[in-house]
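Please read the structure below before turning to the comments.
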Number of protein chains: 2
Amino acid sequence: MSDRSARKREAILEAATELFFDREYAGTSMEDIASAASVSKQTVYKHFSDKRTLFRQVALGSVGQVSGAFGAEVAAVAEASDVPAALFDLARRYVTAVMNPVLLRRRQLVLREAGRFPDLARKYHETGPRRTIDVLTTAFARLAERGELVIEDPRVAATQFAFLVVGEPLDTAMFRGAGRRRTRSELHSVADAGVEVFLTAYGRKNQPRMLRESASSNS
Amino acid sequence: MSDRSARKREAILEAATELFFDREYAGTSMEDIASAASVSKQTVYKHFSDKRTLFRQVALGSVGQVSGAFGAEVAAVAEASDVPAALFDLARRYVTAVMNPVLLRRRQLVLREAGRFPDLARKYHETGPRRTIDVLTTAFARLAERGELVIEDPRVAATQFAFLVVGEPLDTAMFRGAGRRRTRSELHSVADAGVEVFLTAYGRKNQPRMLRESASSNS
């Protein structure tokens, strides 16, 4: 695809996101989308064969990109030398990425249209949130192997990390579509507080209480 | 309201929940609801003046009840003698309550219809999730005052507690409406793991690393 064609495609996806969001799926036509993206209706159809296909792309197109890029960052954290610093940094980038307004609207759209597109909602969940927890699980297993974290169940720890860092901002945004956006520094402070709790529980110097108790009762 | 009238009202609300969920708000009539609830159309109108009012009651009716009952339990935890045991118990009841299938569908409905009813979505969020975090905040402030927890910012800790305990099960359920339901014991294990992390971070014996570091650098 040429640069120009790729730019048009992205413009169509952004216009479609806003329109599906404002007027619901049923109330949006391909013509409306062409007009909002300042392209011809033929151009829309050249990129997307019909409205369902376009909606699928809106919902699933960016989620793969985001979790792919995030996967590479997480893999780097698994080999970091200063693990706490790498985790603080990762958490800040993670919450900033998921709170991107365009991506947030796409997530809201998927939830809003989950009745009409249940398979899409499941696929989104697998490709996005679930995939993120998968890559965190792999990284935390590696960090435990390296002795940098003390973790019994890496998947449990990965899930807790994710919800400590992005849980509340994302959940609140789902209910308050047009609400006040949080500043970057507000998001960073949520991420920092989440990583502090995570490191206290799983960091090398402070073993979780349960592990320590069972270790001492076994000795 | 007589018992019989209250039972009919509840039957109407449950039938409406299922129908709004299966056919969307726009595709559901008051007649459909009367028929599914095995009551006359007049009975539906006696309880709810129109479809919008009924939808509001579906969405907001039970959320207040749940957070009210939960508020009383949380207040008791604030004065408990064995605080860790009380928190484990609270977390298990919390996750079981929010994962109740009828309440879960109401939450999904609110998110699905958030475009049509943005004020309702905000109100739901304030009366439900936000209110729960408020009562947890008050309890954690009291537990810190009693010296049972070591907490700098009770609202941050309350939010983390909530998302450690119910974050992932709730979020997954929003995307997978008709998916496999988790067993009570699966939910309990999520709750337990969340409380372990929480207590390691905020429990009396293990101060969070950051607090300890700043305390020692000030001494």
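The values are calculated or read from the model by the stated rules, or taken from the named source; none is laboratory data. On a predicted model such as this, the values are computed, not experimentally measured, just so you know. Positions of Cβ are generated from backbone atoms using ideal geometry, with glycine treated the same way; all protein chains shown enter the neighbour counts.
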Flag if B:LEU120 is within 28 Å of B:THR183 (Cα to Cα), in contact with a helix residue (DSSP H, G or I) (Cβ under 6 Å, 6 or more places away or on another chain) and of a type outside the set (Asp, Glu): no
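One line per residue, one yes/no per condition, for (1) assigned to a loop (DSSP other than H, G, I, E, B); (2) of a type in the set (D, E, K, R); (3) not assigned by TED's automatic domain parsing to the domain that holds B:LEU136:
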| position | (1), (2), (3) |
| --- | --- |
| B:ARG7 | no, yes, yes |
| B:ILE12 | no, no, yes |
| B:SER38 | yes, no, yes |
| B:THR43 | no, no, yes |
| B:PHE88 | no, no, no |
Total residues in the range B:91-103, condition in a helix (DSSP H, G or I) and surrounded by fewer than 18 Cβ atoms within 10 Å (Cβ to Cβ): 6
Residue check for A:ALA162: more than 14 Å from chain B (Cβ to nearest Cβ), among the small types (Gly, Ala, Ser) and touching a residue at least 24 places away in the same chain (Cβ under 8 Å): no
Single condition A:GLY147 does not satisfy, out of (1) at positive phi; (2) without any contact (Cβ under 8 Å) to a residue 24 or more places away in the chain: (2)
Among the residues listed as B:PHE117, B:PHE88, the single one being surrounded by fewer than 22 Cβ atoms within 10 Å (Cβ to Cβ), farther than 25 Å from B:GLU73 by Cα and touching a residue at least 60 places away in the same chain (Cβ under 8 Å): B:PHE117
Lone qualifier among B:ARG155, B:ARG142, B:ARG212 - being within 19 Å of A:THR200 (Cβ to Cβ), at pLDDT 95 or above, in a helix (DSSP H, G or I) and of a type in the set (Lys, Arg): B:ARG155
Residue ID - nearest to B:PHE163 (Cα to Cα), chosen from residues in the range B:67-79 that are out of contact with any Leu (no Cβ under 8 Å at 6 or more places or on another chain) and surrounded by fewer than 19 Cβ atoms within 10 Å (Cβ to Cβ): B:GLY71
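Against the condition modelled with pLDDT of 95 or more, under 19 Å from B:ARG204 (Cα atoms), crowded, with 16+ Cβ neighbours inside 10 Å and assigned by TED's automatic domain parsing to the domain that holds A:VAL110, how does A:LEU164 come out, does it pass?
no
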Some residue of the range A:59-78 being assigned to a loop (DSSP other than H, G, I, E, B) and either at pLDDT below 90 or in the same structural domain as A:LEU103 (by TED's automatic domain parsing) (or both): no
Of residues in the range B:45-58 being in a helix (DSSP H, G or I) and not basic (Lys, Arg), the one nearest to B:THR183 (Cα to Cα): B:VAL58
Filter result for the condition that a residue is among the charged types (D, E, K, R), more than 10 Å from chain A (Cβ to nearest Cβ) and under 14 Å from B:PRO84 (Cβ atoms), over B:ARG146, B:ARG155, B:ARG184: B:ARG146
Residues of the range B:79-129 satisfying the condition of being touching a Ser or Thr at 6+ places or on another chain (Cβ under 9 Å) and either among the hydrophobic types (A, V, I, L, M, F, W, C) or under 28 Å from A:ARG106 (Cβ atoms) (or both): B:VAL98, B:VAL102, B:LEU103, B:ARG105, B:ARG106, B:LEU109, B:HIS125, B:THR127, B:GLY128, B:PRO129
Matching residues in the range B:103-126 - criterion: being over 16 Å from the mean Cα position of the chain (by Cα) and facing chain A (nearest Cβ under 7 Å): B:ARG112, B:ALA114, B:GLY115, B:PRO118
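Quick one: which of B:MET99, B:MET30 is within 28 Å of B:PRO169 (Cβ to Cβ) and either in contact with a Pro (Cβ under 8 Å, 6 or more places away or on another chain) or not assigned by TED's automatic domain parsing to the domain that holds B:GLY177 (or both)?
From the options B:MET99, B:MET30, the qualifying one is B:MET99.
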Top-ranked residue in the range B:14-36 [being hydroxyl-bearing (Ser, Thr, Tyr) and either touching an Asp or Glu at 6+ places or on another chain (Cβ under 6 Å) or outside any helix (DSSP H, G or I) (or both); ranked as nearest to B:GLY177 (Cα to Cα)]: B:TYR25
Lone unmet requirement of (1) at the interface with chain B (Cβ under 7 Å from one of its Cβ atoms); (2) at pLDDT 95 or above for A:PRO169: (1)
Residue list for the range A:175-200, restricted to those being aliphatic (A, V, I, L, M) and modelled with pLDDT under 95: A:ALA178
Pair list, Cβ under 6 Å, 6 or more apart: the range A:1-19 residue under 30 Å from B:ARG116 (Cβ atoms) and at pLDDT 90 or above, other residue surrounded by 15 or more Cβ atoms within 10 Å (Cβ to Cβ) and among the charged types (D, E, K, R): A:LEU19/A:ASP32
